[in-house]
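Shown next, in structure tokens, is the structure this report addresses.
The values are calculated or read from the model by the stated rules, or taken from the named source; none is laboratory data. The model shown is predicted, which means the values in this text are computed figures rather than measured ones. FYI the Cβ positions are ideal-geometry reconstructions off the backbone, even for glycines, and counts take in every protein chain you see. Only protein heavy atoms, including side chains, enter the accessible area calculation; ligands, DNA and RNA are left aside. Shrake-Rupley method; radii C 1.70, N 1.55, O 1.52, S 1.80 Å.
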Amino acid sequence: MAKKREEETQPAVGGAHDGAPLRDLLRLPVGEPVDLSAHDAGATPGAPGDKAAGLAATARTGKDLAGLQERLWAGATAGDRRRILLVLQGMDTSGKGGTVKHVIGVCDPAGCRIHAFKAPTPEEQRHDFLWRVVKALPRPGEIGIFDRSHYEDVLIAKVRSLAPYDEIESRYDRINGFETSLTDDGVTIIKCFLHISYEEQRRRLLKRLDTPRKRWKFAPGDLDERALWPAYQRAYETALTRCTTLAAPWYLVPADHKWYRNWAVSRLLLEHLRELDPQYPAAEFDVDEYRELLAQGAVRPRSRPGG
């Protein structure tokens, strides 16, 4: 019997979330080789329950995310330079775009900066590989989201031999140095590898072909990339191993179950925002005075802030 689609099944649960930081469960260890075959893409570590419970928990998380994001955005008006960069990487169909829609969709778009990295333009190719990344970084108070990122330059560039071997080898250390400089400047980096299985990718590609409204997402070249699956897995293992640092660790998010992927990324984002604990800035004027003026119907204040 053919395996039922995700929407028709109750996935295995990896254990109820008991309040322990999810990042401790999903963070890859620094300095240890990564073997993706040892990680179950269908697992649900730390999940709050089954699919229904996960969807409910994601909805609750969204309310907290929206409030904390507003405080982060508001704090920047008073000089708080902190911001967040959420990096989403994964094989085709792993759900980078879906994660942006379901996780970031609850936030105020004014405080978010989303950038999807495609193949470099001719102008971008004339510059260093980090040039276009710097231009897309979040400003103070913003949550920046990278749908793909600078890691494409050690992934597809490695698999497709788009740069000399020595150049690609040098990029790992340059990426680490770049990310460390960002954290030193107040950027909290959350790097999520959305880990999908070969079989689940096949099902999702078939669904795109079988569903007219999803066919625009399919390109014949998707099968060319799929044929290189083993090479991409090795390239990811190298990048995850060499670019997991104390300043910017990688989180491996099992992504075969969309509900878990969305919950896990939203939970990771929430944990980091809670740690930052952004605050609304204090008013730089006499609140009572302006309240009284408004209550009296006054048009012009008796004094001005700083006057």
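A Förster radius of 51 Å, combined with the Cβ-Cβ distance separating V287 from K207, puts the computed FRET efficiency at roughly 0.40.
Here the translational diffusion coefficient of segment 201-307 follows from Stokes-Einstein with Rh set to the Kirkwood radius across Cα pairs; for 37 °C and 0.692 mPa s it amounts to 163 µm²/s. Spin-label model, S37/K101: points 7 Å from Cα along the beta carbon direction are separated by 3.4 nm.
Rounded if a/c is under 1.5, else prolate if a/b is larger than b/c, else oblate: which is segment 116-209, with a ≥ b ≥ c the root eigenvalues of its Cα gyration tensor? Note, shape of segment 116-209 comes out oblate. Take every DSSP beta bridge whose two residues both sit in the chain; close to 5 percent of them are antiparallel. The alpha carbon gyration tensor of the chain gives principal lengths a ≥ b ≥ c with a/c of 1.5 or higher and a/b greater than b/c, which makes the shape prolate. Classify segment 52-205 from the C-alpha gyration tensor, please: rounded if a/c falls under 1.5, else prolate or oblate depending on whether a/b exceeds b/c. Cα axes put segment 52-205 in the oblate bin. With θ taken as phi - 60° and the Karplus curve 6.51 cos²θ - 1.76 cosθ + 1.60 applied, the whole-hertz 3J(HN,Hα) list for segment 239-245 is 5, 5, 5, 7, 10, 8, 10 Hz, x standing for glycine and proline.
With angles folded into 0 to 90 degrees, how steeply does helix 198-210 sit against the dominant principal axis of the chain? Use alpha carbons for both and round to 10. Taking Cα atoms only, the helix is inclined about 80 degrees. Over 25 Å between Cα atoms, which of K63/K217; K118/K258; K191/K214; K101/K158; K135/K258; K63/K118 qualify? With Cα atoms farther than 25 Å apart: K63/K217; K191/K214; K101/K158; K135/K258; K63/K118. With contacts taken as Cα pairs under 8 Å at a separation of at least 6 residues, the chain carries a relative contact order of 30 percent. In this structure the amide hydrogen of G90, modeled in the peptide plane, comes within under 5 Å of the amide hydrogens of L194, none closer than 5 places in sequence on its chain. Taking all protein chains together and a 1.4 Å probe, the residues R174, R71 rank R174, R71 from largest to smallest accessible area. By the Cα gyration tensor, segment 184-259 has an equivalent ellipsoid whose semi-axes, rounded to whole angstrom, run 29, 16, 11 from largest to smallest.
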